[in-house]
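The structure appears below as structure tokens.
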Amino acid sequence: MNQPSLVDDLKSGLDAPICLTWELTYACNLQCVHCLSSSGRRDPDELTSAEAFGVLDELASMQVFYVNIGGGEPMIRKDFFDIVDHAVERGIGVKFSTNGAYLTPERAQRLAATPYLDVQISLDGLDAATNDPVRGKGSYEIARRAMDNLADAGFGPFKISIVVTRHNVGQLDGFKALADRYGATLRVTRLRPSGRGADSWHELHPTSVQQREIYRWLLEHGADVLTGDSFFHLNALGEQPLPGLNMCGAGRVVCLIDPIGDVYACPFVIHDEFKAGSVRDAGGFSGVWRNSHTFRELRRPQSAGACASCGQFDACQGGCMAAKYFTGLPLDGPDPECVNGHGEPALKVAGPHPIMAVDHSRAVPILLSRR
Amino acid sequence: MLDRVLTRHPQVALRPEPFGALAYHYDNRKLIFLRHPDLLTVVQSLDGRRTVAEALDVAGVASSRRPSFLAALQSLLDSEMLGEPALTR
């Protein structure tokens, strides 16, 4: 079959997203310093249950195989299980992220009895001393209790989801061992400077030495560890690419629906610049996916810009759009964490990072304090 | 491979796309890209009665193109999207 590469096929976009993230609410009991959606307070304009069911019906007709549900803390919504059940009844698998605060033994049993359902518990440190400065006081204990509840309910292989930071890179083996002990699957993803992460990224993102460590560790563990294909910028470190798709899927194979129904190119760009429309628009979600100006632009061939002269562009694809945008870098230039060191000089002359227009943080100061 | 009778796992869904189709397995959560419209036709034709060779004929796949189709079918077998009729019921 002589034809363009898979990545080339996908860059021009699909009839429907492969994977769609849906933040169900901006309400959250926690206030993580790297929250992509700057969550905290519920938005009064949140989609109603009926609207949420309507979106699911539309996704079912587009044959979206599964949705990634997040927030905020999605289990805060009173209709959380109604939404999950509605999705599953229509053949849409649900993968949802939770900090575990509302995952009681009873709810763990209900989740265990639901088909097509994956749960991932967020954890950013192997102990409270590493985890809690990022995710909030008591959040380590909350997450571990939720894991215990899922294990006791016989849920099976749930996921433990880690955002890799400067402070937990050294714990990757420990996270894997923890997942193995629970019979769980480990998922590690890249820290993005999005949402409140714009303020914490500079002191949390892995150092260049740590980037090499992450690359080697991911190669060693292969497909046993999930990554959401988020580390493709590391592929320029060696001959062997990491497992998964080596491309930015924003607006091409993925997108995000926020709690009030606004559609963005990916979970890491909740900003007007990347807003494509709303599920409340006349054409619904499918109209936005197929016709929005924002998505059509992303599906056109993109310029490698300043990276065109670098021999590694095919390996790293210029990195992550969100990482560039929220550190004030041009989209057609190097990733701020470019493994060939092109990011650091660019950051020195970068303008201020764009201000988040959508911010549901609670009005309390968030301090990244480490003991 | 050519004389094997295969069928799709009941938990596998196919979604046509401009390049061919996506195949998703609801049980093991695997996603596979079928990178030619003819490959979609072949997979849809594997109904537990036809052999692989017959399904390739249905889609009009000439013998010169068969090796790449057989490799794609092997990856669908490896991910349990296709199987022997008795094993997938």
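The values are calculated or read from the model by the stated rules, or taken from the named source; none is laboratory data. Note that the structure is a prediction, hence the values are computed from the model and not measured. Backbone-built Cβ (ideal geometry, glycine too); neighbour counts: all protein chains shown. When the accessible area is computed, the model is the full protein with side chains, heavy atoms only, and any ligands, DNA or RNA have been set aside. Shrake-Rupley method; radii C 1.70, N 1.55, O 1.52, S 1.80 Å.
Here are some notes:
- Residue that is nearest to the other protein chains (Cβ to nearest Cβ) [pool: residues in segment B:8-60 that are over 26 Å from A:Ala223 (Cβ atoms) and part of a strand (DSSP E or B)]: B:Pro16
- Residues of segment B:69-89 that turn out to be within 13 Å of chain A (Cβ to nearest Cβ), in a helix (DSSP H, G or I) and open to solvent by less than 40 Å² (accessible area, probe 1.4 Å), as a count: 3
- Test result for A:Glu273, in a helix (DSSP H, G or I) and closer than 30 Å to A:Glu73 by Cβ: yes
- Filtered residue count, segment A:92-105, keeping only those that are surrounded by fewer than 17 Cβ atoms within 10 Å (Cβ to Cβ) and either of a type in the set (A, V, I, L, M, F, W, C) or at pLDDT below 95 (or both): 0
- Summed over segment A:212-254, the residues that are within 17 Å of the chain's Cα centre (by Cα) and part of a helix (DSSP H, G or I) give a count of 2.
- A:Lys95 being under 19 Å from the mean Cα position of the chain (by Cα) and charged (D, E, K, R): yes
- Unique residue being in contact (Cβ under 8 Å) with a residue 40 or more places away in the chain, under 25 Å from A:Leu226 (Cα atoms) and surrounded by fewer than 23 Cβ atoms within 10 Å (Cβ to Cβ) when the list is A:Asp43, A:Asp124, A:Asp118: A:Asp118
- Listed by first and then second residue, the pairs linking a residue in segment A:329-342 that is open to solvent by 30 Å² or more (accessible area, probe 1.4 Å) to a residue that is among the aromatic types (Phe, Trp, Tyr) and not in a loop (DSSP other than H, G, I, E, B), with Cβ atoms under 8 Å apart and 6 or more places separating them unless they lie on different chains, are A:Leu331/A:Tyr325.
- The one condition in (1) buried (at least 20 other Cβ atoms within 10 Å of the Cβ); (2) closer than 16 Å to A:Glu337 by Cβ that A:Leu172 fails to fulfil: (2)
- Helices (runs of 4 or more DSSP H) lying entirely in segment A:108-189 (those with 2 or more residues that are modelled with pLDDT of 95 or more, over 26 Å from A:Ile214 (Cβ atoms) and in contact with a helix residue (DSSP H, G or I) (Cβ under 8 Å, 6 or more places away or on another chain)): A:139-152
- Screening A:Gly277, A:Gly238, A:Gly251, A:Gly284 for residues that are open to solvent by 20 Å² or more (accessible area, probe 1.4 Å) and of a type outside the set (S, T, N, Q) leaves exactly one candidate, A:Gly238.
- Criterion violated by A:Ser139 - all others in (1) in contact (Cβ under 8 Å) with a residue 60 or more places away in the chain; (2) open to solvent by 10 Å² or more (accessible area, probe 1.4 Å) satisfied: (2)
- Matching residues, segment A:294-316, being aliphatic (A, V, I, L, M) and either surrounded by 12 or more Cβ atoms within 10 Å (Cβ to Cβ) or not in a loop (DSSP other than H, G, I, E, B) (or both): A:Leu298, A:Ala304, A:Ala306, A:Ala315
- Any hit, segment A:69-83, residues being of a type in the set (Val, Ile, Thr), surrounded by fewer than 23 Cβ atoms within 10 Å (Cβ to Cβ), more than 25 Å from B:Leu22 (Cβ to Cβ) and modelled with pLDDT of 95 or more: yes
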